[in-house]
Amino acid sequence: MWNNALCNFFTVNSDKRDVELLHEALTNALGDKEPVFDEEAVAKEIVAKESTAEPTNITEQACSAVTSSSANLPAGLPSNLSSSLSGRETRLLEMLQAVTVLPSPPSNTMSADVLTLTSFIEQYGPLARADMRIYEVDVANQLFAYELRFEDARAYVMYNFSFDTHPLPLPLGFMASTKVTLYRTDNPEFKRFVTSGPLSITYHSAVVVIVD
């Protein structure tokens, strides 16, 4: 469900992408998500399902809008997506797959930067156990954002799918002077500082703000 929505979102021209699609798909996917109580039991259940599962029909799962061969795809991009995606868009796709409470693709399909980001976030707890809440769906400006809440930290994950720079879509109640850890996909480094003014998000990029 979620991966199909990502496929549909990224296989249309960037000026025709509608973040409402992401909102609807993620909301539905979260509604289907079952709580994880016993990691060992869940792992055994997955192995049992895989051992009895029928072969997957790759053709049925492929994006119908894609004609590019998988041999020409950028590293880390799923084989059913077009090679026409820019490096920035590829990074956004990877983050939308990996930085949620939903199951992620195998680690060997993710770039090193995204793997580093998920590892950093998971020092506060497993992503699968975080509480997830969508708080920004700006169709006009193509902004999409959600919160991941852990026991001792909150991560605000913000996406800009437009060609413009916008103020960071932080949730209501976020304090202007707060110690945060900031990560930007257009400058993938972790920076720890106290906010003192407005922050922005550049075109086709994502920003993660962690408050602990």
In the stretch 165-188, whose amide N lies under 20 Å from the spot 7 Å out along Cα-to-Cβ of SER196? List them in ranges. 168, 175-183
I need the phi-derived Karplus couplings for the stretch 100-105: 6.51 cos²θ - 1.76 cosθ + 1.60, θ = phi - 60°, integer Hz, Gly and Pro marked x. 9, 8, 7, x, 9, x
For SER205, the residues 5 or more places away or on another chain with a placed amide H closer than 5 Å to its own amide H are ASN160
Prolate/oblate/rounded call for the stretch 120-212, Cα gyration tensor, a/c under 1.5 rounded: prolate
Only sites in a loop by DSSP and with at most 14 other Cβ atoms within 10 Å count here; which GluC sites (Glu not before Pro) in the stretch 122-176 make the cut? GLU151
What's the carbon and sulfur percent of the stretch 99-160's accessible surface, probe 1.4 angstrom, rounded to a whole number? 46
At a 10 angstrom cut-off on C-beta neighbours, averaged per residue, how do the peptides 194-203, 155-164 rank from highest to lowest? 155-164, 194-203
Proximal charge balance of ARG91 [Cβ under 10 Å; K/R count +1, D/E count -1]: -3
Roughly how many Å² is the accessible area per residue of the stretch 166-212, as a whole number, for a 1.4 Å probe? 51
Taking θ as phi - 60°, what are the ³J(HN,Hα) couplings along the stretch 180-195 by the Karplus curve (6.51, -1.76, 1.60), each to the nearest whole Hz, with x for Gly and Pro? 9, 10, 10, 9, 10, 6, 7, 8, x, 9, 8, 10, 10, 6, 9, 5
Amide H contacts under 5 Å for ILE134, placed H, 5+ residues apart: GLU147
How large is ³J(HN,Hα), in whole Hz, for each residue of the stretch 87-95 in order, when computed from phi with the Karplus curve 6.51 cos²θ - 1.76 cosθ + 1.60 and θ = phi - 60°, using x for Gly and Pro? x, 5, 5, 4, 5, 5, 4, 4, 5
Assuming a ≥ b ≥ c are the square roots of the Cα gyration tensor eigenvalues, decide whether the stretch 84-141 counts as rounded (a/c under 1.5), prolate (otherwise, with a/b larger than b/c) or oblate. oblate
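The values are calculated or read from the model by the stated rules, or taken from the named source; none is laboratory data. Only a predicted model underlies this, so the values are computations on that prediction, with no experimental measurement involved. Here the Cβ is made from the backbone with ideal geometry for all residues, glycine too, and neighbour counts use every protein chain on show. The protein model used for the area step is the full one, side chains on, heavy atoms only, and it has no ligands, DNA or RNA in it. Shrake-Rupley method; radii C 1.70, N 1.55, O 1.52, S 1.80 Å.
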